[in-house]
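Student: What follows is a structure written as structure tokens; I'll ask about it next.
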Amino acid sequence: MHRLLKRQLKKAALSESLLTEIAPFLDQINAAYTAFEDDLSHIETILEQSSTELFHTNKQLQQHMEAISSQLERVAGNIKEVIFEIDLNGCWSYLNPAWESLTGLKVSDCIGQRYTEHLICPDGQPIIDLSGPQAKAFTSLNNKTACIGSHEAKKWCDFSVKAMYGDGGEVEGFIGTIVDITNLKQTELALIEAKEQETQANKAKDEFLSTMSHEIRTPLHGVIGLSHILLAEDPKPEQMENLEALKYSSEHLLSLVTDILDFNKISSGNLKLEHAEFNLRGVLKGLQGIFKNRAREKDLDFVIKTDPRLPPRIMGDPTRLSQILTNLVGNAIKFTQKGHVMIEVETVAHQGKGIPLRFKVSDTGIGIPKEKRHTIFQSFEQASLDTTRKYGGTGLGLAICTRLLELMGSQLRVDSEMGQGSTFSFDLILGLPEYQPTTNTRISAGNENEEDLASLAHCKILLAEDNKVNILIIKKLMQKWQVDFEIVENGLLALESAMTKTYDLILMDLQMPVMNGYDASKAIRENVQGKNKDIPIYALSASNGSDIQEKLLEYGLDGLIGKPFDPDELFITLVGIMKNCKVGTD
């Protein structure tokens, strides 16, 4: 019998007869006690086992958390950027070891201190204000700024911080990073300073080249002009060779100077394209006037072919187009000993606005080796080492053409065979003006000189020029072309003459004593009562600065005729100006 049942029966002091009578009932109670004790023992065993398992599981979780915490500490400790937490009181609650590298301060000494004690702006203000009511409305901030720590060393930092929110959406603190960008910022500032120095150096170089251009071109103008005049005045046979050599040498020197100056303007990015209305046939006619005698001297045929569908007037940069064609034709004549040099202009298929034109300059010259065709477009490069010695030149002509065409959205192509000749070609899409003349001006080799002379004869031209040699040359040329001209030696005299007399054209040197050409031109334009307020005023100058085109427009000049000039080119230019004036007034 179970001990608990025995104890209860003994305490009850029941009689034997009663015990016998309730014996079956007592057996059931005894069995229940025994079963209960067995169940309790089983439960205790289970609880003991569960407690053991729970202990081991808890121990494993603790070890796992310690491992993760250790990993996070190692990661945070090896990150070069500072990771921080700031509480609502503005005190550091966490800083990783990178803090010591940034500030030189121990993390343990800074935890619990206000962040404003360690990082402030150079003006003494905190990098960010995380105190007061505005802290509860704060969301995030990213700021690159200079800062000064408690060690008084100035650094540049990328400071990022954002708010941490609790389950109820309230701000509980702030977390962020600080990246030391001092080296990067110093490099950036050094690059900015270097860029400014480069800009100043380029400006000084441009001013120097502009001055040197004027100083070199002015005497060259005298040499070239006088050589042309002497050759035109029926020199003695024994003088012809010397005069031809003088003319060639001076023109060659001018070509070198022009190439170097133009290449500098293109390389420095200071060259701007013009968008003006012009007569392409007139440009080609000018090229014919320039090169026909040079071709004739080498017994070459110089041919210009144009598409009959070519419109009378187009829009573009006639000066730079002429420069490209001049370089290509000049090279073609230079490297051709017999045969011909040809310019072809044709329209090509195109969908869109404007007129697409293909320009070709071909020759029957020496040709270009296949392995050299890609190098000839590079600066200071020619097809062979003896080219410069044999033919002259700087090796810049094709490089200039290539750069100019790139600015125009095109590219220069070459097709060549050794001993057979070369063909250079490029495509341009040029604009069309709203108005087109009803007749075309065609290039002819007949009595063009008489027609052009007639267009210049008796035109009244005012020339402002202070150089005696230039005055001598221009006077002779104007007399030869039967121009009614007047020459004054400074801008003030030009202004006085323009106020009292009427002219068809004013040619204005830019650098003169008393009053320069810019100021004189502006004064003429601004004088409402002036007789020459709206006539063409062209700069006749050796200046070649990168900003000269802007200044010409600013002061009211219509264009630039560079010195030194070829008399034939000057004649063609003046004819074109006067014809345009007559078209505009008709």
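The values are calculated or read from the model by the stated rules, or taken from the named source; none is laboratory data. Predicted model, so just to flag it, every value in this text is computed and none were measured. In this analysis, Cβ positions are derived from the backbone assuming ideal geometry, glycine residues included, and neighbour counts consider all displayed protein chains. For the accessible areas, the whole protein counts, side chains as well, though only heavy atoms, and no ligand, DNA or RNA atoms are used. Shrake-Rupley method; radii C 1.70, N 1.55, O 1.52, S 1.80 Å.
Student: Which listed residue (330, 357, 428) has the Cα farthest towards the positive end of the charge dipole for the stretch 276-430, taking +1 on Lys and Arg C-beta and -1 on Asp and Glu C-beta about the Cα centre?
Tutor: So the residue we want is 330.
Student: Still on this structure, please answer the following. For residue 453 and residue 148 in one chain, what is 0.36 nm times their gap in residues minus the Cα-Cα distance, to one decimal in nm?
Tutor: Roughly 101.9 nm would be gained on extension.
Student: Give me the log10 of I(q) over I(0) for the stretch 276-430 at q = 0.16, 0.18 Å⁻¹, as the Debye formula computes it from C-alpha points; what are the numbers?
Tutor: Log10 I(q)/I(0), no solvent term: -0.90, -1.13.
Student: Over the Cα atoms of the stretch 277-327, what Rg and Dmax result, in angstrom?
Tutor: So, for the stretch 277-327, Rg and Dmax equal 12.0, 35 Å respectively.
Student: I've got another one for you. Computed over the Cα atoms of the chain, what is the ratio Rg over Rh, Rh following Kirkwood?
Tutor: 1.44
Student: In addition: Give me the log10 of I(q) over I(0) for the stretch 197-268 at q = 0.12, 0.26 Å⁻¹, as the Debye formula computes it from C-alpha points; what are the numbers?
Tutor: -0.45, -1.10
Student: If you don't mind, there's one more thing I want to ask. Take each of the peptides 486-494, 83-91, average the number of other beta-carbon atoms within 10 Å over its residues, and list them starting from the highest.
Tutor: 486-494, 83-91
Student: Which of the lysines could a cross-linker span from residue 106 if the Cα-Cα distance has to be under 16 Å and same-chain partners fewer than 8 positions apart are dropped?
Tutor: Output for residue 106: 80.
Student: Report the convex hull volume per residue for the stretch 78-185, counting only C-alpha atoms, in Å³.
Tutor: 101
Student: So what is log10(I(q)/I(0)) for the stretch 1-111 at q = 0.14, 0.17 1/Å, when the Debye sum runs over its Cα atoms only?
Tutor: Each listed q maps to, in turn, -0.80, -0.91.
Student: Could you pull the Rg and Dmax for the stretch 452-583, using just the Cα atoms, both in Å?
Tutor: According to the Cα coordinates of the stretch 452-583, Rg and Dmax are 13.6, 36 Å.
Student: In square angstrom, what is the accessible area per residue of the chain with a 1.4 angstrom probe?
Tutor: Per-residue value: 57 Å².
Student: Quickly work out the residue 519-to-residue 411 label distance, labels modelled 7 Å from Cα along the C-beta direction, and quote it in nm with one decimal.
Tutor: Simple spin-label model gives 5.0 nm for this pair.
Student: Let me ask another. Taking the dipole about the Cα centre of the stretch 167-316, with the C-beta of Lys and Arg at +1 and of Asp and Glu at -1, give me whichever of 219, 182, 278 is farthest to the positive side.
Tutor: Going by the Cα projections, it comes out as 278.
Student: Now, a different point. For the stretch 286-331 and the stretch 7-37, write down the distance between their C-alpha centroids in whole Å.
Tutor: 138
Student: Accessible surface of residue 234 in the full protein assembly, 1.4 angstrom probe, to the nearest 10 Å²?
Tutor: Here the accessible area works out near 140 Å².
Student: For the ranges 499-508, 97-106, 321-330, 283-292, what's the packing order if you count other beta-carbon atoms within 10 Å of each residue, average per peptide, and put the highest first?
Tutor: 321-330, 283-292, 499-508, 97-106
Student: Can you give the Rg to Rh ratio of the stretch 288-377, both from alpha-carbon atoms, with Rh computed by the Kirkwood formula?
Tutor: In the stretch 288-377, Rg relative to Rh is 1.01.
Student: Beyond 15 Å, how much of the Cα-Cα pair distribution for the stretch 461-536 remains, as a whole percent?
Tutor: Value for the stretch 461-536 (Cα pairs over 15 Å): 50 percent.
Student: Same structure, new question: If you put +1 on each Lys and Arg Cβ and -1 on each Asp and Glu Cβ, how big is the dipole of the stretch 224-294 around its Cα centre, in Debye rounded to 20?
Tutor: 320
Student: Within 10 Å, count the other beta carbons around each residue, average over each peptide in 300-313, 419-432, and list them highest first.
Tutor: 419-432, 300-313
Student: Related question: Compute the distribution of all C-alpha to C-alpha distances in the stretch 212-371, in bins of 10 Å from 0, and list the percent of pairs in each, rounded to whole numbers.
Tutor: P(r) over the stretch 212-371, rounded to whole percents: 9, 29, 35, 22, 5, 1, 0.
Student: Taking the Cα centre of each part, how many Å lie between the stretch 489-511 and the stretch 180-205?
Tutor: That distance is 46 Å.
Student: Could you give the size of the charge dipole of the chain about its Cα centre, using +1 on the Cβ of each K and R and -1 on the Cβ of each D and E, expressed in debye and rounded to the nearest 20?
Tutor: About 1540 debye.
Student: Quick check: at a probe of 1.4 Å, how many percent of the accessible area of the chain sits on carbon and sulfur atoms?
Tutor: Looking at the chain in its full context, I get 53 percent from C and S.
Student: May I pose another question? So what is the calculated 222 nm ellipticity per residue for the chain, using -39500 (n - 2.57) for each DSSP H run with n of 4 or more, over all residues, to the nearest 500 deg cm²/dmol?
Tutor: -16000 deg cm²/dmol
Student: Need one number: % antiparallel among DSSP beta bridges in the chain, to the nearest 5.
Tutor: 70
Student: If you don't mind, another one. Working from Cα positions, state the angle (0 to 90°, nearest 10) between the long axis of helix 468-480 and the longest principal axis of the chain.
Tutor: Relative to the chain, helix 468-480 is tipped by roughly 60 degrees.
Student: Excluding same-chain residues fewer than 8 positions from residue 531, which aspartates and glutamates have a Cα within less than 15 Å of its Cα?
Tutor: 496, 504
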